[in-house]
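Notes to accompany the following structure.
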Amino acid sequence: MIYESLVKNTAAYKIAARDKAAGRLSHAYLVVCQDGLYLRRYLDLFAALLLCPANGCGTCRICSLVGREKYADMTVFPAEEGDKIKTEDIDFLVEDSYIKPFEGDKKLYVLAGAENMTPAAQNKLLKEPPANVHILMGAVSEYGLLPTVKSRVRKLEIPAFPDEALLSAMEGDFPDREKLTAAVMNGDGTLGRAETLYGDQKLAEVTDLAVRIVTEMDSSADVLTFSGLVAKESLADLMSVLQLTYRDLIAAAEGREDLVQNKAVFARTKGALGRYPKGALYHASEAITEAYVRKNFNAQDNMLAEWLLFQILEGKYKWQRL
């Protein structure tokens, strides 16, 4: 499993392991991780840690059953990935929690996508479970959870993984190193997004467009041309590629080419350094950061793309005049 070493090296996993070793498991944990594609798999690892006598050894019968979500003393909601947890699921959890474990000394209920539960379902979780019952909740974001629920759980946060850690974990299964590097660098530190981008031909197209913007955009007419092309692509992906590209150019401009991350794209854009004063590179990076903020406030993609490219062009000429 690609993700096993990544998760087991997180502070979140080590905290849960220490809790178990000390015999002070919380009755409820909340694992927060922005990788929605792999969240359920990560929860299975935490579940194995809590239920396996050898602390999630990964080789015993219990770990095998937990990994397949077939262990008798573990129930996962929703039953099918992609569904949402229903109020009746929580009703079942509450009633079932009073039945003694079948095999071990504890029962575990896993709630994947907990932030999508209705307030009514969440309120039903507030009742204190029996001593041998534990709840493991997983959420991409904690903001959909009621404050009363969050106050009763031990929060474990899995942050974005470092690029080098993802590259190391994925390179055995994803052999195209250049393609993998591009996917990881634009994957927001999540295994799921990096994996998706690796198999997405659009990433190559977005990268080509980003290179053209950096190396060819010189006029307002160019802005309108390129912003029209952006509307056909994914703006979020383009901003990610542009952000990394300008950061690499900044590193080179500061005399630290050794810090360049995406060397393949840098080789294609390095020639643009003579046309970008250092201040213009910083201005472009700041404009992209502002574009992310505007996008989060539901700015229209076509208008935001045009605004961003004008900002980059304006900074380029402003700093050339200084």
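If you take the residues in region 238-269 that are surrounded by fewer than 21 Cβ atoms within 10 Å (Cβ to Cβ) and of a type in the set (Asp, Glu), which one is farthest from ALA194 (Cα to Cα)?
Among residues in region 238-269 that are surrounded by fewer than 21 Cβ atoms within 10 Å (Cβ to Cβ) and of a type in the set (Asp, Glu), the one farthest from ALA194 (Cα to Cα) is GLU254.
Would you point out the residue of region 1-30, among those that are over 15 Å from LEU51 (Cα atoms) and not in a helix (DSSP H, G or I), that is modelled with the lowest pLDDT?
Out of the qualifying residues, it is MET1.
Suppose we filter ILE85, ILE90, ILE99 for residues that are in contact with a strand residue (DSSP E or B) (Cβ under 9 Å, 6 or more places away or on another chain) and loosely packed, with under 13 Cβ neighbours inside 10 Å; which single one remains?
ILE99 is the lone residue from the list that is in contact with a strand residue (DSSP E or B) (Cβ under 9 Å, 6 or more places away or on another chain) and loosely packed, with under 13 Cβ neighbours inside 10 Å.
Can you confirm whether region 218-231 contains a residue that is under 21 Å from the mean Cα position of the chain (by Cα) and open to solvent by less than 10 Å² (accessible area, probe 1.4 Å)?
no
In region 173-205, what count of residues is obtained for those that are within 17 Å of ILE2 (Cα to Cα), touching a residue at least 12 places away in the same chain (Cβ under 8 Å) and of a type outside the set (D, E, K, R)?
Final tally of qualifying residues: 14.
When only residues in region 182-198 that are over 22 Å from VAL230 (Cβ atoms) and part of a loop (DSSP other than H, G, I, E, B) count, which is modelled with the lowest pLDDT?
GLY189
Could you check region 220-322 for helices (runs of 4 or more DSSP H) lying wholly inside it with 3 or more residues that are more than 25 Å from ASP200 (Cα to Cα)?
Helices (runs of 4 or more DSSP H) meeting the threshold: 220-230, 235-253, 278-296, 301-321.
Which ones in region 113-128 are open to solvent by 80 Å² or more (accessible area, probe 1.4 Å) and either touching a residue at least 60 places away in the same chain (Cβ under 8 Å) or hydrophobic (A, V, I, L, M, F, W, C) (or both)?
Residue satisfying the conditions is GLU128 alone.
LEU65 is checked against (1) touching a Phe, Trp or Tyr at 6+ places or on another chain (Cβ under 9 Å); (2) closer than 19 Å to ALA16 by Cα; (3) part of a helix (DSSP H, G or I) and fails just one. What number does that condition carry?
(2)
For region 68-82, which positions are within 17 Å of LYS106 (Cα to Cα) and surrounded by 14 or more Cβ atoms within 10 Å (Cβ to Cβ)?
Let us first name the residues in region 68-82 that are within 17 Å of LYS106 (Cα to Cα), namely 69-76.
Correct list: GLU69, TYR71, ASP73, MET74, THR75, VAL76.
The values are calculated or read from the model by the stated rules, or taken from the named source; none is laboratory data. Here the structure is a predicted model, which is why all the values come from computation and not from measurement. A quick note on method: Cβ atoms are made from the backbone with ideal geometry, for glycine too, and the neighbour counts reach across all protein chains shown. All accessible areas refer to the heavy atoms of the entire protein, side chains included, with ligands and DNA or RNA removed. Shrake-Rupley method; radii C 1.70, N 1.55, O 1.52, S 1.80 Å.
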